[in-house]
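Below: one structure, written as structure tokens.
The values are calculated or read from the model by the stated rules, or taken from the named source; none is laboratory data. None of these values were measured; they are calculated from a predicted model. Note: ideal-geometry Cβ built from the backbone for every residue, glycine included; neighbour counts use all protein chains shown. Accessible surface is based on the protein model in full, side chains and every heavy atom, while ligands, DNA and RNA are left aside. Shrake-Rupley method; radii C 1.70, N 1.55, O 1.52, S 1.80 Å.
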Amino acid sequence: MKSPLLSLPGAVPAEGVDEGVAAHYGDLFREQRALAGGTGFVDLSHRGVVSVTGDDRLSWLHLLLTQHVSDLPTGQATEALILSAHGHIEHALYLVDDGTTVWAHVEPGTQEALIAYLESMKFFYRVDVADRTDEFAIVHLPAGSIAEVPEGVVVRETPYGRDLFLPRADLESFAEKSGPAVGLLAYEALRVEHHRPRLGFETDHRTIPHELGWIGSAVHLQKGCYRGQETVARVQNLGKPPRRLVFLHLDGSEVHLPPAGTDIRLADEGPDGRKIGFVTTSVRHHELGPVALALVKRNVPLDARLVADTTAAAQEVVVEP
């Protein structure tokens, strides 16, 4: 779904899964500084929007999600995962309940599979699940923003800012009042800075929540059973995850960033050394320079010198080994 804000001056379209919104509007670092300073907004209208209504919505979702939501207070933001039977991450949901409806935004293009799964689990519960992507666009206001939120708009307020479930028809008028527009690359740079994983970027087909630091923020360890809960409990109580998320400071003298999927090796083993991980997201940060998130084997020493292809990288712990 192509955003109308791609017609704004300087807009350069994003690619891949983020196609449909602007990567930037002509000045990446200015946009990052604006966002970090609490001004501007980010067009996330390519993300999927799902609603769940009905008297049983919270108790029903509580049975399916990794998060404790049976008593979720009205207006309180949370996030949750849906796991496979083996505990691998399949969906990530960013939730809020407005008193009558649970609203969730999800990664672009994942809403259909998510809804199909939810529909298959309805049984006799009084719930209705709907794809609202055609009707609502996600807009992000950074922490500290004083931009006015239109009356009646559902808001997810988090430490990183507010996610608005804005009627899609109001997107252009909102942009006129709440600029400057900030591109997705700036948003991603701050996400990486804050070590926040993203489904499909920091995850692959075998990722479990412990590897990314999602225990607590998206996985509640004291709630009842849900699909994949046995794996979560076993790793939490008896072992360690096979991989861990790290934050990488990359060699700033390199012209090109190592893209997602770039192999990581120990620098001391040379270019033919064994692969010990891979880059998941790399960005250019307005203060930190080139940085990245990566998944590495749990037993990689914390002081090990790493290389991403030929780019030197120093790791910062996100998930403890």
Original post:
When L64 is evaluated against the numbered criteria (1) among the hydrophobic types (A, V, I, L, M, F, W, C); (2) surrounded by 15 or more Cβ atoms within 10 Å (Cβ to Cβ); (3) free of Cβ contacts under 8 Å to residues at least 12 places away in the same chain, which criterion, by number, is the only one it fails?
Top reply: (3)
**OP:** May I ask you to list the residues in segment 216-250 that are charged (D, E, K, R) and farther than 20 Å from H62 by Cα?
**Re:** R234, K240, R243, R244
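Can you find, within segment 13-43, the residue that is most open to solvent (accessible area, probe 1.4 Å) among those that are out of contact with any helix residue (DSSP H, G or I) (no Cβ under 7 Å at 6 or more places or on another chain) and over 12 Å from A186 (Cβ atoms)?
Per the criteria, the residue is E15.
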Original post:
Looking at segment 259-291, which of its residues are among the acidic types (D, E), within 24 Å of the chain's Cα centre (by Cα) and within 17 Å of A312 (Cβ to Cβ)?
Top reply: D263
**OP:** For residues that are among the aliphatic types (A, V, I, L, M), closer than 10 Å to L248 by Cα and out of contact with any helix residue (DSSP H, G or I) (no Cβ under 7 Å at 6 or more places or on another chain), scanning just segment 304-317, find the one that is surrounded by the fewest Cβ atoms within 10 Å (Cβ to Cβ).
**Re:** V317
Subject >> For V255: the one exception among (1) surrounded by fewer than 21 Cβ atoms within 10 Å (Cβ to Cβ); (2) in contact (Cβ under 8 Å) with a residue 12 or more places away in the chain; (3) among the hydrophobic types (A, V, I, L, M, F, W, C) >> reply: (2)
**OP:** Tell me which residues, restricted to segment 88-115, are under 27 Å from A233 (Cβ atoms) and small (G, A, S).
**Re:** A92, A104, A113
**OP:** Looking only at segment 237-252, decide whether some residue is touching a Pro at 6+ places or on another chain (Cβ under 6 Å) and of a type in the set (A, V, I, L, M, F, W, C).
**Re:** yes
Subject >> Residue among L288, L212, L221, L238 that alone is open to solvent by 20 Å² or more (accessible area, probe 1.4 Å), within 22 Å of A186 (Cα to Cα) and out of contact with any Phe, Trp or Tyr (no Cβ under 8 Å at 6 or more places or on another chain) >> reply: L288
Original post:
Looking only at segment 275-321, which residues are among the acidic types (D, E) and closer than 16 Å to G261 by Cβ?
Top reply: D309
Subject >> Subset of segment 148-179 (residues that are more than 30 Å from V296 (Cβ to Cβ) and either in contact with a helix residue (DSSP H, G or I) (Cβ under 6 Å, 6 or more places away or on another chain) or open to solvent by less than 20 Å² (accessible area, probe 1.4 Å) (or both)) >> reply: R156, D163, L164, F165, L166, L171, E172, F174, A175, S178
Subject >> V182 crowded, with 19+ Cβ neighbours inside 10 Å and either more than 20 Å from A292 (Cβ to Cβ) or free of Cβ contacts under 8 Å to residues at least 24 places away in the same chain (or both) >> reply: yes
**OP:** Starting from residues that are part of a strand (DSSP E or B) and in contact with a Gly (Cβ under 8 Å, 6 or more places away or on another chain), keep the ones in segment 83-104 and report whichever is surrounded by the fewest Cβ atoms within 10 Å (Cβ to Cβ).
**Re:** D97
